[in-house]
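Nothing in this text is a laboratory measurement; each read-out follows from the coordinates by a stated rule. What you are looking at is a predicted structure, and each value in this text was computed from that prediction instead of being measured. Glycine also receives a Cβ, built like all others from the backbone with ideal geometry; neighbour counts cover every protein chain displayed.
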Amino acid sequence: MSIEALVSLSRYYGSRPEYVVAGGGNTSFKDASRLFIKSSGIALAGICAGDFVQMDRAALSQIGERSYPLDAAEREAAVLADLLAARTAGEAAKRPSVETLVHDLLPFAYVVHTHPALVNGLTCSCSGEESARTLFGDRVLWIPWIHPGYALAQGVKKALSVYRAAKGPPPAILLLQNHGVFVGADSAEGIHAAYQALMDTLRACIREEPDPGEPVSSYGASGDIAGVLRELARKTAPPGSASFQVCFERNPIIRRFVRDAPSFAPLASPLTPDHIVYAGSDPLFIPVQPQAGPDWVAHLQEAWEQHLDKTGRLPKIAAVQGLGIFGIGTGEKAARRALELFKDALKVTVYAQAFGGVCGMCRDGIHFISTWEVEQYRSRVADIPREKHAEEQGGLCHEVVSAYPGAGTSL
């Protein structure tokens, strides 16, 4: 197999919203000595050969054997330095995916990590582990919540060791609580087959499909509210922040969750790291509309200030009771991406009904993701136009066959 196969596999899943939303997910190919892993912040849908980072597997293996500081921030900084040092010659301009160590651990040539809403209906549910055991038995390995990055790699390493000792070679599928799924195989066909079996099994369990209906981008007083939210964001953002944009959407599933505060409650806590990175950790629910009286602006301002006092962060999502959802971001792209990820959380919440109801991330996990430099980098890169990002990494990637020495041949 070749780099072309990895590019094709990556684009296949990256271009399908049922598997990947925004810039989520990562893919890899490995042989005995090298690992080719997606660069952090690059979207799979348009990836090319030059967007993969070539890593030295011997150096990656050494990271797993080292001792690191107990302090999370110090540990992650040290691990990142070692991860960057594990890049092969000529790769210094690229930053490997945060999940590189997990990809290296899995004993498969190809690994595709995604965050499908259907799968996360299981992984973000109250009875996820029990349901996974009932549905799949030993065909999947369930990984309880662990902070992404080094801690996750160490947890996966231990889980794989326990599985091997008790049952033999590990399964092709790892289900990660409040995160997503890793699928491994030695061929693209094997990846497709494993994903198809996983999705078909879960689809058969679903009680209700989320109904997005026809989206509406303007409704009632949404324009007035967007203007107030934009001004509040501008006034309360740190000095020097970029200009803010606000986007609105209303559809059948959104109407269902913004009916009142209890209806919105399942979404008050984020479900996965990607939801935090792109849609924020604490959505703002505003139980007021202009129709409620002349003081609606004051009520909105009060809700905004209470949110800031509670979280210390500007909201990326604001839900107005009975109306719809507003995405808030530094630029239209970021605002629309916040909406896209929050709508994904809506789907996950509906799917989770089949598995005991939705269960959000723990507060410790939310704090870790919200303050982790790696995720801040990923969010920042997602706002950079592809051409500029490629220029910063050493130029636009060339044709697949010229991206790496020997790329047109079997790796």
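By how many nm would the segment from Glu65 to Arg336 grow when fully extended, if each residue of separation counts as 0.36 nm and the alpha-carbon distance is taken off?
93.4 nm
Which pairs, out of Lys30/Lys347; Lys158/Lys347; Lys235/Lys310; Lys94/Lys316, put more than 23 Å between their alpha-carbon atoms? Let's see the in-between values first.
Working: Lys30/Lys347 34 Å; Lys158/Lys347 32 Å; Lys235/Lys310 18 Å; Lys94/Lys316 28 Å.
Those over the limit are Lys30/Lys347; Lys158/Lys347; Lys94/Lys316.
Hey, what do the phi angles of segment 24-30 turn into as Karplus ³J(HN,Hα) couplings, whole Hz, using 6.51/-1.76/1.60 and θ = phi - 60°, x for Gly and Pro?
Result, rounded to whole Hz: x, x, 7, 9, 7, 9, 9.
Over all pairs of distinct alpha carbons, what does the Kirkwood formula give as the hydrodynamic radius of the chain, in Å? Could the numbers behind the result be given before it?
On the way: mean 1/r = 0.0451 Å⁻¹.
That comes to 22.2 Å for the chain.
Please compute the contact order of segment 67-171 in relative form: average sequence separation of alpha-carbon pairs under 8 Å and at least six residues apart, divided by the residue count, as a percent.
In percent, rounded to a whole number, it is 27.
Rounded to the nearest 20 debye, what is the charge dipole size of segment 222-361 about its Cα centre when +1 sits on each Lys and Arg Cβ and -1 on each Asp and Glu Cβ? The partial results should precede the final answer.
Values: 15 positive and 13 negative charges, 71 e Å.
Charge dipole, segment 222-361, about its Cα centre: 340 debye, nearest 20.
Quick one: the Cα spread of segment 222-361 along its three principal axes, in angstroms, biggest first?
Reported extents, whole Å, longest axis first: 43, 34, 26.
May I ask you to list the aspartates and glutamates whose Cα is less than 14 Å away from that of Lys157, ignoring any residue fewer than eight positions away on the same chain?
Glu65, Glu99, Asp104
Take the alpha carbon gyration tensor of segment 29-179, find the square roots of its eigenvalues, order them as a ≥ b ≥ c, and report rounded if a/c is under 1.5; if not, report prolate when a/b exceeds b/c, else oblate.
Since a/c reaches 1.5 and a/b is larger than b/c, the shape of segment 29-179 is classed as prolate.
May I ask you to compute the full-extension gain from Ala58 to Asp186, defined as 0.36 nm times their residue separation minus their alpha-carbon distance, rounded to one decimal in nm?
That pair, Ala58 and Asp186, stretches by 44.1 nm at full extension.
Can you compute the modelled spin-label distance between Arg16 and Ala89, with each label point 7 Å from Cα toward Cβ, in nm?
4.0 nm
List Tyr278, Tyr68 from most exposed to least, where exposure is judged by having the fewest other Cβ atoms within 10 Å.
Ranked by crowding around the Cβ, least crowded first: Tyr68, Tyr278.
If all Cα-Cα distances of segment 85-145 are sorted into 5 Å bins from 0 onward, what percent lands in each bin, rounded to whole numbers?
Here the calculated profile for segment 85-145 is 3, 13, 18, 20, 18, 10, 7, 7, 3, 1.
Could you give each residue of segment 303-319 its phi-based ³J(HN,Hα) in whole Hz, using Karplus coefficients 6.51, -1.76, 1.60 with θ = phi - 60°, and x for Gly or Pro?
Computed from phi, the couplings for segment 303-319 are 4, 5, 5, 5, 5, 5, 4, 6, 9, x, 9, 5, x, 9, 10, 10, 10 Hz.
Gain in length, Asp82 to Arg203, computed as 0.36 nm per residue apart minus the alpha-carbon separation, to one decimal in nm?
39.5 nm
Determine how many Å³ per residue the convex hull of the Cα atoms of segment 1-114 encloses.
108 Å³
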